[in-house]
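What follows is a set of notes on a single structure, which appears directly below.
The values are calculated or read from the model by the stated rules, or taken from the named source; none is laboratory data. Every value quoted in this text rests on a predicted model; they were computed, and no experiment measured them. Glycine gets a Cβ as well: all are built from the backbone with ideal geometry, and neighbour counts include every protein chain shown. Keep in mind that these areas ignore ligands, DNA and RNA; they rest on the heavy atoms of the full protein, side chains included. Shrake-Rupley method; radii C 1.70, N 1.55, O 1.52, S 1.80 Å.
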Amino acid sequence: MSIIVRDVNKSFGDFAALTDVSVEIPSGSLTALLGPSGGAKSTLLRVIAGLEKADSGLVEIEGRDATKLPAQDRGVGFVFQHYAAFKHLSVARNIAFGLEIRKRPKAEIKKKVDELLELVHLEQFAHRYPAQLSGGQRQRMALARALAVEPQVLLLDEPFGALDAQVRKELRAWLRRLHDQVHVTTVFVTHDQEEAMEVADSIVVMADGKVEQIGSPDQLYEAPANDFVMSFLGPVTKLGGELVRPHDLELSIEPRPDTVTAKVTRVTRLGFEVRVDLEIEGEELWAQVTRGSSEQLGLVEGQTLFVRRSAPVRAAAAVS
Amino acid sequence: MASSTTVGGAGVSLLGAPPAPPATPSRRRPLHGKGKAIGLSLVMTYLSIIVLIPLAAVVWHSQSNGFSGFVHAVTTPEAASTLKLTIYSSILVAAINMVMGTAIAWVLVRDKLPGRTFLDTLIDLPFALPTIVAGLALLTVYGPNSPLGVNLAYQRAGVVVALLFVTLPFVVRTVQPVLMELDTEMEQAAASLGAGPGTIFVRIILPNMFPAMAAGTALAFARSMSEFGSTVLISGNIPFQTQVASVHVYNQLESDNVAGAAAVSTVLLIVSLVVLVALDMLQRWAARRG
């Protein structure tokens, strides 16, 4: 394990930001801390980095007890949402900072900086100042700066949160590729489930200062530990008082075992997908079907259908 | 004071405003045609009446006995000694207030001291007080009847203390807003890269404060060069010892030596101008870097 957090508590005044949080992050993994906005995830990340002191509990980094170590001795690279660029230094000097204060030889620093500039595609911008870069470029610079000191773990606090949607998507894919290249244990905070699912090997779902579930994106999606995790990780609707994924509802014209009668209230075509709003005894729900099955069923408003949960045997469904 | 404060204000906003990225065109549309002409002529007329013509008149008067007359007027032993005292003590005062003003700004912004708001108000007092009152206050505390037993009257140290008093706000008030705006995440980023508190101060905080420190220091220096009211009481105006340049100018006028007064004034003007231009260049340089 690269990072071990055990029974960490942290409060700000009356507000309990973290309550008995325990997390283990395997070496070389790319982990997302996912949860709704509001404190907990970033606080946990900052506790790991030593930028925030836990009230109680233990933090271990690469087998070393780091609970009482100051931030500068933890060997942790940290990337901030708002870049935290050293605005009085050029891009190259920003990246060189960690090496310069370690008094490394000039030639070594230059070599390393050139390598990193290439890695983050900022070769032409080496002599610019941060104010002359776009948000995405600044964040890549911040990442190179954190990587320069070869940290044991890399922590990113909502790294793409301040960027617009397009740049965000590009950087996400780029972070994934970068991680496959450098293999440093990486933890990033996000409130965007799509981002977490797309980029991370494993996801730690947090809410109200507690860990709700830890697992791979598939595990969390297929076997959520509770309703919160289920509804946070994807679309949900309610059938007979239970949460269901809208694409796990099976619609048929004829009644089948365990089906209930439903009335179609609205049919919305969203490209390949079709959203079907239904009503069962006054209760509203919706199903997601493909265009093909929508045509087979001849879906129209006001039609009566039969609904049941599809068998949770995903593998079999995929083969057929 | 009013004019110096304005210069300080402009300096701070220059420092605070991030420069527009080169590619983006300015969103502020320039005035066209008549509006632009009226605006420009209004500003030029006002500046001419208030600033340029009076200053030109001083420079003109300083040359009324020719250039050699000018050189003679500023190199008489009394004029030379008074200019030397003024320039040296201004340098000393600017240096001390650069350090102390920055320290005070730091405490006001970063340390959550009780009574901080009171301290914050206190800083403006030398701005608000008529300088002659400041002189009187200093004479009461550091004069011949000093309750502290510290008598600085009629000594150069007294001049320095008076100048320190009146120029205190400049550095505090230029550095304070910059410190408030300073992104503390920069310091955290530096810490996570392995920098200790000392390294963070020297490599991150100081370079970011420096342009504001320099701006405040330049203003304090310019103000010291011109100070009259606060020094006039405590210094005793002893020629060759404690007489500052502005008092010398006043004395020359009293004895109908207008050309001599104008000559010394011109030297003060040139030194202040050089310092302010240097400050402006420094700020442009800093603004370019963002």
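Of everything in segment B:248-288, what is open to solvent by less than 50 Å² (accessible area, probe 1.4 Å), of a type in the set (Val, Ile, Thr) and modelled with pLDDT of 90 or more? Give them in sequence order.
Across segment B:248-288, the qualifying residues are B:Val249, B:Val264, B:Thr266, B:Val267, B:Val271.
Run down A:Gly215, A:Gly241 and say which single residue is modelled with pLDDT under 90 and among the small types (Gly, Ala, Ser).
Exactly one of A:Gly215, A:Gly241 is modelled with pLDDT under 90 and among the small types (Gly, Ala, Ser), namely A:Gly241.
Could you tell me which residue of segment A:75-102 is nearest to the other protein chains (Cβ to nearest Cβ), considering only residues that are within 24 Å of the chain's Cα centre (by Cα) and open to solvent by 50 Å² or more (accessible area, probe 1.4 Å)?
A:His82
Given B:Val247, B:Val274, which one is of a type in the set (Val, Ile, Thr), without any contact (Cβ under 8 Å) to a residue 24 or more places away in the chain and away from chain A (no Cβ under 14 Å)?
B:Val274
Go through the residues of segment A:103-125 one by one and say whether even a single one is more than 9 Å from chain B (Cβ to nearest Cβ), open to solvent by 10 Å² or more (accessible area, probe 1.4 Å), of a type in the set (Phe, Trp, Tyr) and farther than 21 Å from A:Gln181 by Cα.
So far as segment A:103-125 goes, yes, one or more of its residues are more than 9 Å from chain B (Cβ to nearest Cβ), open to solvent by 10 Å² or more (accessible area, probe 1.4 Å), of a type in the set (Phe, Trp, Tyr) and farther than 21 Å from A:Gln181 by Cα.
How many residues, within segment A:89-104, are of a type outside the set (A, V, I, L, M, F, W, C) and without any contact (Cβ under 8 Å) to a residue 24 or more places away in the chain?
Within segment A:89-104, residues that are of a type outside the set (A, V, I, L, M, F, W, C) and without any contact (Cβ under 8 Å) to a residue 24 or more places away in the chain number 4.
Restricting to segment B:227-247, what's the tally of residues that are open to solvent by 20 Å² or more (accessible area, probe 1.4 Å) and touching a Lys or Arg at 6+ places or on another chain (Cβ under 9 Å)?
1
Can you confirm whether segment B:213-223 contains a residue that is on the phi > 0 side of the Ramachandran plot and either free of Cβ contacts under 8 Å to residues at least 12 places away in the same chain or open to solvent by 10 Å² or more (accessible area, probe 1.4 Å) (or both)?
Within segment B:213-223, none of the residues are on the phi > 0 side of the Ramachandran plot and either free of Cβ contacts under 8 Å to residues at least 12 places away in the same chain or open to solvent by 10 Å² or more (accessible area, probe 1.4 Å) (or both).
Need pairs with beta-carbon distance below 7 Å; first residue in contact (Cβ under 8 Å) with a residue 24 or more places away in the chain and within segment B:146-174, second among the charged types (D, E, K, R) and open to solvent by less than 20 Å² (accessible area, probe 1.4 Å); sequence gap 6+ or separate chains.
As it stands, the answer is B:Leu163/B:Glu227; B:Val166/B:Glu227, since those pairs meet every condition given.
Could you grab me the full set of residues in segment A:32-58 that are open to solvent by less than 40 Å² (accessible area, probe 1.4 Å), away from chain B (no Cβ under 14 Å) and within 22 Å of the chain's Cα centre (by Cα)?
A:Ala32, A:Leu33, A:Leu34, A:Gly35, A:Gly39, A:Ala40, A:Lys41, A:Leu44
In segment A:232-279, which residues are surrounded by 16 or more Cβ atoms within 10 Å (Cβ to Cβ), farther than 30 Å from A:Pro36 by Cα, out of contact with any helix residue (DSSP H, G or I) (no Cβ under 8 Å at 6 or more places or on another chain) and not polar (S, T, N, Q)?
Answer for segment A:232-279, where residues must be surrounded by 16 or more Cβ atoms within 10 Å (Cβ to Cβ), farther than 30 Å from A:Pro36 by Cα, out of contact with any helix residue (DSSP H, G or I) (no Cβ under 8 Å at 6 or more places or on another chain) and not polar (S, T, N, Q): A:Glu250, A:Ala262, A:Val264.
Go through segment A:62-74 and report how many residues are closer than 19 Å to A:Asn9 by Cβ, buried (at least 17 other Cβ atoms within 10 Å of the Cβ) and within 14 Å of chain B (Cβ to nearest Cβ). Spell out how you get there, then give the answer.
Taking segment A:62-74 first, the residues closer than 19 Å to A:Asn9 by Cβ are A:65-69.
Narrowing further to those that are buried (at least 17 other Cβ atoms within 10 Å of the Cβ): A:66-67.
Now narrow it down to the ones that are within 14 Å of chain B (Cβ to nearest Cβ): A:66.
Counting residues in segment A:62-74 that are closer than 19 Å to A:Asn9 by Cβ, buried (at least 17 other Cβ atoms within 10 Å of the Cβ) and within 14 Å of chain B (Cβ to nearest Cβ) gives 1.
Kindly check whether there is at least one residue in segment A:2-24 that is in a loop (DSSP other than H, G, I, E, B) and in contact with an Asp or Glu (Cβ under 9 Å, 6 or more places away or on another chain).
Yes - at least one qualifying residue is present in segment A:2-24.
Cβ-Cβ below 7 Å, separation at least six or inter-chain, first residue in segment B:47-67 and under 13 Å from B:Val264 (Cβ atoms) and in contact (Cβ under 8 Å) with a residue 40 or more places away in the chain, second open to solvent by 60 Å² or more (accessible area, probe 1.4 Å) and part of a helix (DSSP H, G or I): which pairs?
Between residues of segment B:47-67 that are under 13 Å from B:Val264 (Cβ atoms) and in contact (Cβ under 8 Å) with a residue 40 or more places away in the chain and residues that are open to solvent by 60 Å² or more (accessible area, probe 1.4 Å) and part of a helix (DSSP H, G or I), the close pairs are B:His61/B:Val258.
If only one of B:Ser64, B:Ser68 is out of contact with any strand residue (DSSP E or B) (no Cβ under 7 Å at 6 or more places or on another chain) and not in a helix (DSSP H, G or I), which one is it?
B:Ser64
Would you be able to tell me the number of residues in segment A:139-167 that are surrounded by 19 or more Cβ atoms within 10 Å (Cβ to Cβ) and part of a helix (DSSP H, G or I)?
Result for segment A:139-167: 10.
Let me confirm something: among B:Met213, B:Met186, B:Met225, B:Met209, which residue is assigned to a helix (DSSP H, G or I) and at the interface with chain A (Cβ under 7 Å from one of its Cβ atoms)?
Values: B:Met213 fails: at the interface with chain A (Cβ under 7 Å from one of its Cβ atoms); B:Met225 fails: at the interface with chain A (Cβ under 7 Å from one of its Cβ atoms); B:Met209 fails: at the interface with chain A (Cβ under 7 Å from one of its Cβ atoms).
Just a single option satisfies the conditions, and that option is B:Met186.
Of the residues B:Thr86, B:Thr82, B:Thr140, B:Thr75, only one is in contact with a His (Cβ under 7 Å, 6 or more places away or on another chain) and more than 30 Å from B:Asn208 (Cβ to Cβ); which?
B:Thr82
Return yes when B:Ala128 is over 27 Å from B:Ala245 (Cα atoms), of a type in the set (A, V, I, L, M) and without any contact (Cβ under 8 Å) to a residue 12 or more places away in the chain and no when it is not. Spell out how you get there, then give the answer.
Values: over 27 Å from B:Ala245 (Cα atoms): no; of a type in the set (A, V, I, L, M): yes; without any contact (Cβ under 8 Å) to a residue 12 or more places away in the chain: yes.
In short, no.
Pick out the one residue from A:Ser37, A:Ser29 that is closer than 24 Å to A:Phe12 by Cα and touching a residue at least 24 places away in the same chain (Cβ under 8 Å).
Going through A:Ser37, A:Ser29 in turn, just one is closer than 24 Å to A:Phe12 by Cα and touching a residue at least 24 places away in the same chain (Cβ under 8 Å): A:Ser37.
Here is a check on your reading of the model: is B:Ala190 under 28 Å from A:Ile101 (Cβ atoms) and crowded, with 22+ Cβ neighbours inside 10 Å?
yes
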